[in-house]
Each structure stands twice: as structure tokens, then as C-alpha cells.
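Scroll down for the structure; my scribbles are underneath it.
The values are calculated or read from the model by the stated rules, or taken from the named source; none is laboratory data. A quick note: this is a predicted structure, and the numbers were derived from the prediction, not measured. Quick reminder, even Gly has a Cβ in these numbers, built from the backbone with ideal geometry, and neighbours come from all protein chains shown. We work out accessible area using only protein heavy atoms, side chains counted, and drop any ligands, DNA or RNA first. Shrake-Rupley method; radii C 1.70, N 1.55, O 1.52, S 1.80 Å.
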2 protein chains.
Amino acid sequence: MRCYSWNVNGIRAVARKGLLPWKQLPRADVFCLQETKAHVEQLDPEVSEPKGWHAYYSSSQRKGYSGVAIISRKEPDEVIEGLGVRKLDQEGRVLRARFGDLLVISAYFPKSQPEGPRFDYKLDFCRGLRRFLKKQVDAGLDVLLMGDYNIAHEPIDLARPKQNLKNPGFLPEERSWMTRFLKSGFHDVFRERNPDLDGAYSWWSYRFGVREKNIGWRIDYGTVNTALLGRVADAAIHPNIAGSDHCPVSVRLK
Amino acid sequence: MRCYSWNVNGIRAVARKGLLPWKQLPRADVFCLQETKAHVEQLDPEVSEPKGWHAYYSSSQRKGYSGVAIISRKEPDEVIEGLGVRKLDQEGRVLRARFGDLLVISAYFPKSQPEGPRFDYKLDFCRGLRRFLKKQVDAGLDVLLMGDYNIAHEPIDLARPKQNLKNPGFLPEERSWMTRFLKSGFHDVFRERNPDLDGAYSWWSYRFGVREKNIGWRIDYGTVNTALLGRVADAAIHPNIAGSDHCPVSVRLK
DNA sequence: CGTCCAATG
DNA sequence: CATTTGACG
């Protein structure tokens, strides 16, 4: 099962450009999308109901903001929006699809601020998500968490770590949540397989043409619980896929 | 002197499309533009200071809203913004350029509402403008008033008069102001020369592709005071000039 | 339907 | 720098 995570930065814009994920990545089995920025009613049928795929969207109340999707060839046994935590479920940031005892999750972590309410919200989201995942694993499910975590974990995960020590996405609290998360039975499969690989990024600012120079951040991940690790065949980043300021990342399960 | 009036619906958009007036209408001597929708600082130099032209802009306080311009080959002897009536001069709707004793005015009349404050404002503007023009003529100036009047005067001036009897732009009060204006020493030179010409419009809604079907309105005019009438060589409409939902209209003076 | 703004990223 | 909405036309 090839599973891709892609922050599309507006799925309507991606469609307009003819760069829909299933057109660019035809060998995929599942797409976990983030920042779809649309309600289902706003989408053309080719986007909301692509032929040969089952598509599920979860949107923010607020129009044009946030939003995630899971689009799979196989019909999931169950699809559920949110974490089941009211205050964390208002922004279309989590969607999960169960295939047997495998839970595939598309998550769009909030972007934090150096301080203030969005900083607190992001940490609440991180903690709430981890509790949720632990429960699912304890209940016997395997978990594949695909998404835009909006966190670069270690200095190797961004081109300019020193300049960004005080910037959202690389704040100490975000990084240490990630460390604890990865010590609590979840695995950043791309990094475990490529421990010293420099320049592997999934996001580049649109400004100053830095994508050409590969001045980017790795903030999109696929992580799995320990029991699932043995089924991971492959983990990859696809920097040449165009259409967004993020590129897709993938995990293949046997 | 060939003088064109064109509501450009955003001069930056027109520039982006490579459809600037002086590129499309090289034989012009003066352009009176409306709905420039920009402050001068927002314009590229090729728009704010086109080579071979003298350009003057008057903008609304509010960004991206309204705004008029006069762009002429010859340098005017004097250029003044507004009517000199505080409350009518806040929206960048009037700019005048004097060439000797000829006053060329670029005017963007407000769009009215069936009732409410914008209806009153439009009628105030109409009345204020007429008083102003009378003063100029009384002072010995000739006047060429080019602009988007946002009024279709008679049924012949729009494709669907019956459907629009209660719609802004064809309201009784607007039409009767126009009638009185044209009885008070001003002349709609295009209509006087083409009294029965149907289908001569200067604006078409962007919606439903009605421009192809020529379902439009004539709301852009060049009018002159009686003394100037003898110098009018020609009055025309240019429906094939693209770039806006309005087309240019022109008056040529001997 | 299209131009522009403001918020968000 | 790009994508959205919302106001306005």
C-alpha cells in the first residue's frame, strides 16, 4: 500500500493547474491531503469524486482555511473526522480512515506563534493527538500518521537551523514534543532509514525562489507505531512534484 | 484632439494583460480613465509615467476602489482634483485638466442603489457636478465631460429597458437628472449624431457572456457645452477594445 | 465574472 | 509569494 501525504495549499488551485495528486502519482493507493482550503460543495466533481477513488473531506468552519482529506482506491471500513476532542476538532485538521486494523490518519498540525494563543493551541493539539494515538494503539490498531506536522524536528530537518531557533515550526517546545512522541512508540520512518541525509525537505517558502536553492524544511512526515514498523517497505520524499509550496512524502507498507 | 473615455476596471489588470489604452489606441491625444483602482505608488512606471504622455491620477482614500485619471500628450495648463465640494471629493471621482480655455474632465459617477445612502449620494454628485460645470461655462471655459455616468438615459441606451426600470443606472431619478442636464446647455454628442442607433453600448456585464450577444448599456458618455458643439468633429464608441467590462468612447474636437 | 483587499500561511 | 474570502461592481 503506497500512501502519500501532501499539503496541497488549496486543492482548487492544484486542480486549476492540472496537478491533482492522482494525476501526478498514479501508483498511489491512498492520499492524505492537508490545506485543502475548501468545503466539499465548492469542489468540482472531478475533485470531490474522482473516478476510481473514494474521497473524504473534513473542512474548517471558516471558509478557505485549513481542511484535510483522505482519498483511497479501496473503500475504508470507517472514516471519522477529528480527534473526538471538541476544541481541537473545529478546524478540519484530522481525518482518519480505517482499513481493517490499520488506521490511516491525515493530520494538519496548527502553525504556532512564538507566544500567544496559537502557540498554546498547537501544543494542546500535539498532546491531544498523541493521547488519541496511544488509545488507538492500545485498542489494537496499527497507526500510520501522515501529515503536515508543522515541526522540523532536528537541525538536519531544515536548511537554516540557527536562524530559525526562535521561529514557529522549530521552537524548543515543538521539537521536544516531537522527541517525546518519537520516544513513545512512534517512528519517523524516513529519518530512521536515512539518519544522516541532508537536504531532504518537504516545504519551501514561495518567497525569494528558495525552492530552487533547496532552502527548505522537513515538516511533513509519515510516522508509524512500533508494531507497524516491520510492514514498512519504503519511505520517500518527492520534491519534484509541483503545485504547492509543500511536496508529497510517502510511506509504502507491505 | 481625439479624446477617449474608458472605465478600465483596474488599470493594473489592464497593464497585466498588455492592454493599456495608449498601446491599443495610439492615435489618441487624451485619455480620461475611470476605475483605475490604484494609488499612484502602486503603479509601475510604465503606467504612472508612460513615455510621451503626461499622466495625472486622482484616487479614493479607500484602496482598490474607484479612482480616475487623465493622460494626455500635451501638458495641461492646470490639473485639479475634485469638484471643490468636500463630501463629493473623497472617492477619486473627478479630475479636470485645462488646456487654454478648454476644460477636459474625467468623471466616475457613483453607482446608485434603488434606495438608501448611495442613491442620495449619487444624486448629490450629479447635482454638484452640474453646478460645477455651469460655473465653469459661466466663467468662459469650454467643457468636455468624459466619463462613466453610470446612467443609461433613454430606453435606446440599453438592451433590456423594461427589465431594468427599477435597477440602478436606469432609475427614474437618474434618467431625469440626465434629461435636465442635457436641457441645460450640455450635449450628448454621440446620441445627437446617432439619434436612432440601436445596440450602441459601452458596458456589458461580465456574467453570462452577454458581451458576445451585445446585451449591454450605454453609460459612458462624452458631453460638451453648447459653445463647444461646433468644434466636435466626431463621436464614437469602440466596442472591440478589450480589457475591461466597459469599452472606450471618444469625442474628436477640431 | 472579474478586480482588488485582507488574512493566513 | 500564493491561496483564499469578501466587498464592490
State the answer as a single residue: which of B:Pro76, B:Val8, B:Gln42 lies farthest towards the positive end of the charge dipole of the range B:1-83, with beta carbon charges of +1 for Lys and Arg and -1 for Asp and Glu, about the Cα centre. B:Val8
At A:Gly100, with labels set 7 Å past Cα in the Cβ direction, how many nm apart are the copies from this one, shortest first? 9.3
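Quantify, in whole percent, the carbon and sulfur part of the accessible surface of the range B:81-138 (1.4 Å probe; protein heavy atoms only).
Details: 1260 of 2740 Å².
Here it works out to 46 percent.
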Note to self: with every protein chain in place and a 1.4 Å probe, the protein assembly as shown gives an accessible area per residue in Å² of 46 Å²
Between the range A:71-147 and the range A:170-225, what's the alpha-carbon centroid distance in Å? 18 Å
If amide H atoms are built 1.01 Å from N in the plane of the peptide, which residues on other chains or at least 5 residues away come under 5 Å of the amide H of A:Leu103? A:Asp142, A:Val143, A:Leu144
What is the Å³ per residue value for the convex hull set by the Cα atoms of chain B? 121 Å³
The range B:103-254 shape via C-alpha gyration tensor axes, a/c threshold 1.5: oblate
Restricting to Cα pairs under 8 Å and 6 or more apart, the percent relative contact order of the range B:161-254 works out to 26 percent
Around A:Asp138, under 15 Å between beta carbons, what's the net of Lys plus Arg minus Asp minus Glu among the other residues? +2
How large are Rg and Dmax for the range B:12-53 when only the alpha carbon atoms are used, in Å? 10.1, 28
If every Lys and Arg gets +1 and every Asp and Glu gets -1 at its Cβ, then about the Cα centre chain B yields a dipole, in debye to the nearest 20, of 320 debye
Helical mean residue ellipticity (222 nm; -39500 (n - 2.57) per DSSP H run of 4+; nearest 500) of the protein assembly as shown: -6000 deg cm²/dmol
Using a 7 Å Cα-to-Cβ projection, B:Lys183 label spacings across copies, nm, ascending: 9.1
Dipole magnitude of the protein assembly as shown about its Cα centre (Cβ charges: Lys, Arg +1; Asp, Glu -1), debye to nearest 20: 60 debye
The percentage of Cα-Cα pairs in the range A:23-110 separated by more than 16 Å is 51 percent
Measuring from its Cα centre, the range A:125-189 shows a charge dipole (+1 at each Lys and Arg Cβ, -1 at each Asp and Glu Cβ) which, in debye to the nearest 20, is 280 debye
Along Cα-to-Cβ, 7 Å out, sits the label point; list in nm, shortest first, how far the one on B:Lys23 is from those in the other copies. 2.8
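Rounded, prolate or oblate: which one fits the range B:153-233, using the alpha carbon gyration tensor with axes a ≥ b ≥ c (rounded when a/c is under 1.5, else prolate when a/b beats b/c, else oblate)?
Cα axes put the range B:153-233 in the oblate bin.
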Would you mind checking the radius of gyration and Dmax of the protein assembly as shown based on alpha-carbon positions, in Å? 31.3, 94
Closest Cβ on chain B to the rotation axis that carries it onto A (distance rounded to whole Å): B:Arg16, 9
Which value, to two decimals, describes the C-alpha radius of gyration of the range A:198-254 once divided by 2.2 N^0.38 Å? 1.30
A student applying the Cα gyration tensor rule (rounded when a/c is under 1.5; otherwise prolate if a/b is larger than b/c, oblate if not) would label the range B:90-192 prolate
